[in-house]
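S.K.: Mind looking over this structure? Questions follow.
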Amino acid sequence: MEEKTPGELLQKILLGVVLAMLAVVAVCTVLIVREGREPAVETEPGVIIISDETPVPQMTVNPQPTHPAEPCEHSWEDGVCTRCQERCPHLRHDAESRVCAVCGETVLHNYVGGQCTRCGSDAGLIDDIIDAGLAGGATQHGKLEKLPYTYENESGVTVRKTLSVYLPYGYDPQKQYPVALLIHGLGGRMETWMEQSFSFGTIRVRGIDVVDRLIEENRIPPVLIVSMETPGLSGSASYDLLVSRVSKEIRTGVLPTVCSNYSTFAKDSTAVGIAAAREHFAMIGASDGALYTVESGLRDNRDLFGVYAPLSGLDIGEDILAMQSSEWAKQYPIRLLYMGTGKTDFNRTQVLQAYIHMLQADPSLIDGRNAFHHVCDGGHTFRSWFTDLANVLQLAFPQ
């Protein structure tokens, strides 16, 4: 046998010690496995997987406080907290003052289904002309007449045109009637509002059917509905010229002719005579007609109309907003402003912006009292515009 040197004996002793330590580690590992406590494997922050794959919460090295943050003692200004920047949801407000019970800001009514969701006040508004049963069915029918008129344009040329006039059932020239001037949209004609039939599912609706039904059910008094024909404004390079032309046409041709041929509340057919009875005159327009209602009505002929209803229109120009505070405009306050649109109308946001801007510019306009913004069923179509027509007539000329 080969004799080992002292160095080789020392190596064997060290090797034995290492092997013994490894054996101890192996035994400990086996014991852990038998106890069902395998080392955990981290899979994602906050979760570890045990051997049975059941997720459990994992304690973090620096745990976040579990108690809720201290509630902010709100300090409201214009509906926004100056401390935490939270915006007040305006869930409740007073029906008359419209003051929010939370932040104290004066806010708009939120009409859905004819009632404000915040205070429950009922404005008597309808959401759909068909659901309201006003799409037809009247037994007493008014009639439509064509009325020729003339006016002098900006070049001094006499222009001859025709109006469509709705006379309510039982029209009596000895009585006085309010007047609503309807303006069609782009591509429409003077017959569009009252005579043209529109299909909504299986139901066909005309404006004349809606007005007949409103009168027969005593929702509105008998009223004269006047429809005129206007050139398209949207995208026109001659926008200002067309507006100016229609403004003059209404002032010197349409209204004087109507008041000369039918019995209205106007003392005579002059501008002064009509202005004295302006609260009984309304101007209603949809789409392009809404632009004329604002520009040719509210701005240029404010003294002749007390009621304005631009439907599915656009925002209102700075010149018109600035005019609201003028001394001239204050002589002719708006008796009723109604701005409506359909739930799926592409102009819906702009109509709401225009409405808010008008209320900001004219303190005499009180939301829910003489000013209304309403979103009804339908889109940029006559389903919503017929609904708005019914709402406007009921608000403007209550029985």
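The values are calculated or read from the model by the stated rules, or taken from the named source; none is laboratory data. Since we're looking at a predicted model, the values are computed, not measured. Positions of Cβ are backbone-derived with ideal geometry, glycine not excepted, and every protein chain shown enters the neighbour counts. What goes into the accessible areas is simple: the full protein's heavy atoms, side chains included, and nothing from ligands, DNA or RNA. Shrake-Rupley method; radii C 1.70, N 1.55, O 1.52, S 1.80 Å.
S.K.: As I understand it, the dipole of region 112-194 uses +1 on the Cβ of Lys and Arg and -1 on the Cβ of Asp and Glu, about the Cα centre. Which of Leu167, Met194, Asn153 lies farthest toward its positive end?
M.R.: The listed residue farthest towards the positive side: Asn153.
S.K.: Given the C-alpha centroids of region 359-399 and region 171-195, what is the distance between them in whole angstrom?
M.R.: 18
S.K.: Okay, next question. Amide H of His141: which non-local residues (sequence gap of 5 or more, or other chain) have their own amide H closer than 5 Å, using H built in the peptide plane?
M.R.: The answer is none.
S.K.: Related question: Check cross-link reach from Lys343 to the aspartates and glutamates: straight Cα distance under 18 Å, and skip same-chain residues fewer than eight apart.
M.R.: In chain and number order, the partners are Asp127, Asp128, Asp131, Asp315, Asp377, Asp388.
S.K.: Still on this model: Give me the distance in nm between label points sitting 7 Å out from Cα along the Cα-to-Cβ direction at Thr106 and Glu70, one decimal.
M.R.: If labels sit at Thr106 and Glu70, their model points lie 3.6 nm apart.
S.K.: If you project the alpha carbons of region 291-399 onto the principal axes, what extent comes out on each, in Å, largest first?
M.R.: Cα extents, longest axis first: 39, 34, 23 Å.
S.K.: While we're here: What is the packing order of peptides 347-353, 76-82, taking the mean over residues of other C-beta atoms within 10 Å and listing the highest first?
M.R.: Most protected by this proxy first, the peptides run 347-353, 76-82.
S.K.: Calculate the dipole size of region 328-399 relative to its Cα centre from +1 charges on Lys and Arg beta carbons and -1 charges on Asp and Glu beta carbons; express the result in debye to the nearest 20.
M.R.: 80
S.K.: Could you give the nm distance between label points at Ser238 and Glu152, where each point is 7 Å from its Cα heading toward the beta carbon?
M.R.: It works out to 2.0 nm between the two label points.
S.K.: Give the shape of region 346-399 as rounded, prolate or oblate, defined through the alpha-carbon gyration tensor: a ≥ b ≥ c are the square roots of its eigenvalues, a/c under 1.5 means rounded, and otherwise the shape is prolate if a/b is larger than b/c and oblate if not.
M.R.: Cα axes put region 346-399 in the oblate bin.
S.K.: Which net charge results when you count Lys and Arg as +1 and Asp and Glu as -1 among the other residues whose beta-carbon is under 14 Å from that of Ala361?
M.R.: Value of the local net charge: -2.
S.K.: Separate question: By accessible area of protein heavy atoms, probe 1.4 Å, what ranking do Glu154, Glu70, Glu195 get, highest first?
M.R.: From most exposed to least exposed: Glu70, Glu154, Glu195.
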